[in-house]
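So the structure is just underneath, and the comments pick up after that.
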Amino acid sequence: CTSLVVEDKTGDLFHARNLDFGLFLGWDAKNSTWALTERLRPLIINVDYQQGGKTVGKGVHFAGYVGMITGMKPGVLSLSMNERFQAEGGFIGIIEWVLGQRDGQWMGFVLRDAVVKATDFNSTLQYLTSVDLLAPGYIILGGNSTGQGAIITRSIGTKADDVKMLNPSNGTWYLVETNYDNWESPPFFDNRRAPATKCMNTMTQANVGLKGIFNVLSTKPVRNLLTTYTALMHVRSGTLDTYLQYCPQPCFPW
Amino acid sequence: NAQDLPPFTEDCRSDAYPPPVKDKVGTYVLNLDQAPEDRWTGLVKPLTEKLIVLIQDIKDLVGIFVNETKAVDYLDELLAPMADTFPEPYPGELKGIANATGIPLGQVILYNVFYEVFTV
């Protein structure tokens, strides 16, 4: 996955993400594609959460998966979650859950509740920094005012290893998160961060908008064989546009 | 470092937007005033076949390592009761999806906790 949260020169915020999934979960030799990735694409749907006829949240789902890993509260905030690989992964959380220890919560459910019930960026940031989770992950959050952008690096339990914030006044006008800790270099065999960063700098802050960040996320290898969709979110207007993504060969497997 | 070399990398795109209209994803309205058991039916029922194919793929993968039938039966037995341990409204929503698609509840739950499982 690759998530971007970006501030333009007027202080407006944009959030976008590629959802990559299906690594090593079956290779379709005939089509040179990952089997599960191709199975997931037809199930992608935007969901407009309504209560009393009013939209209270929006999300991008694989049909049948009720949790939220991409979503927004129009006018308030946007969210995406990327996988974090850690030795202490979700399995420990599942064992604890099965053994009756129910403090930890399931990522998709927590994020959906956080978005639908969100009142503002800061309280949601605090909540997602400390909520007890069963699995690690990177939670990328965007708001509706200048500086409201963050990468929360979560371990399982109530621990956040790091919270990296947007800081446009000192030149940090965008944040990029793939699947590795932002304070370390990504592994040589999967460095999508560098090409995403290069293209963000090529675009420059003056050209920030849905078009620019879609182009960045469509550039190989940020777009790769695992990429199922690109979601574009603009909180102030409540825009959530999702487009299926394909990567015809030659294309990097991840 | 093949990832850094063409054809696996390319110059920063400037022509990808707007993408083809056919690739734009539609929207389903989830009415939270509806009972949890019913609110997803309008979405998942028409996609039942595709969901079954997806979950079958995952079961086939499980079958590479262990006896698929036994594993799936065990998973169904282990995971189905988990539904009632989830916070509201998720138990009702997951049961509603299982009813609407005919997919065993345990497998619907496996799909919904797959992120936690996959981090293994």
| query | Farthest toward the dipole's positive end in the range A:179-243, which of A:227, A:206, A:194, given Cβ charges of +1 (Lys, Arg) and -1 (Asp, Glu) about the Cα centre? | reply | A:206
| request: Could you give the C-alpha radius of gyration of the range A:1-74 expressed as a fraction of 2.2 N^0.38 Å, taking N as the number of residues it contains? | output: 1.42
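I want the local charge near residue A:234. Using Cβ-Cβ distances under 15 Å, sum +1 for each Lys or Arg and -1 for each Asp or Glu among the other residues.
Working: positive: A:17, A:58, A:73, A:211, A:236; negative: A:7, A:8, A:12, A:241.
With Lys, Arg at +1 and Asp, Glu at -1, the net is +1.
Charges only on Cβ, +1 for Lys and Arg, -1 for Asp and Glu: so what's the dipole of chain A about the Cα centre, in debye to the nearest 20? Walk me through the numbers before you get to the answer.
Working: 22 positive and 21 negative charges, 124 e Å.
So the dipole magnitude of chain A works out to roughly 600 debye.
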| note | For the range A:178-243, the dipole about the Cα centre with charges only on Cβ (Lys and Arg +1, Asp and Glu -1), to the nearest 20 debye, works out at 240
| query | Taking 1 over the mean of 1/r across every pair of different Cα atoms in chain B, what Kirkwood radius in Å do you get? | reply | 17.2
| task | Sort by residue number and name the cysteines in chain A that have no neighbouring cysteine Cβ under 4.7 Å. | result | A:1
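What do you get for Rg/Rh over the range A:184-254 if you use C-alpha atoms and the Kirkwood form of Rh? Working shown, then result.
On the way: Rg = 13.2 Å, Rh = 13.2 Å.
Taking Rg over the Kirkwood Rh, I get 1.00.
What net charge is computed for the residues neighbouring residue A:130, neighbours being all others with C-beta under 13 Å from the C-beta of residue A:130, Lys and Arg scored +1, Asp and Glu -1?
Working: positive: A:154, A:159; negative: A:103, A:132, A:161.
Once all neighbours under 13 Å are counted, the net charge is -1.
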| remark: The FRET efficiency for residue A:206 and residue B:69, from their Cβ-Cβ distance with R0 = 45 Å and rounded to 0.05, is 0.15
| field | Cα-centre dipole for the range B:1-71 with unit charges at Cβ (Lys and Arg positive, Asp and Glu negative), debye to 20 | value | 260
| message | Give the average, rounded to an integer, of partner chain Cβ atoms located within 10 angstrom of each Cβ in A:40-53. | response | 5
| said: What is the angle, in °, between the Cα long axis of helix B:48-65 and the longest principal axis of the Cα atoms in chain B? Nearest 10 is fine, range 0 to 90. | reply: 90
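Give me the mean projected area, in nm² to one decimal, of the convex hull enclosing the Cα positions of chain A. Show your work: numbers first, answer last.
Values: hull surface 55.5 nm².
That works out to 13.9 nm².
Nearest 0.05, what FRET efficiency do residue A:9 and residue A:99 give at R0 = 35 Å with Cβ-Cβ as r?
Working: r = 53 Å, r/R0 = 1.50.
The formula returns an efficiency of 0.10 here.
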| task | Could you state the angle between the C-alpha long axis of helix B:68-79 and the longest principal axis of the C-alpha atoms of chain B, as a value from 0 to 90 degrees rounded to the nearest 10? | result | 70
| task | Can you figure out the FRET efficiency of residue B:78 with residue A:130, using R₀ = 35 Å and their beta-carbon distance, to the nearest 0.05? | result | 0.70
| remark: Over the protein assembly as shown, the sum of -39500 (n - 2.57) across DSSP H runs of at least four, divided by residue number and rounded to 500 deg cm²/dmol, gives at 222 nm -8500 deg cm²/dmol
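Readers should treat all values here as calculations from the given coordinates under stated rules, not as data from a laboratory. As the structure is a computational prediction, the values presented were derived from the model and not from experiment. When we count neighbours, we look across all protein chains shown, and the Cβ atoms used for this are built from the backbone with ideal geometry, even at glycine.
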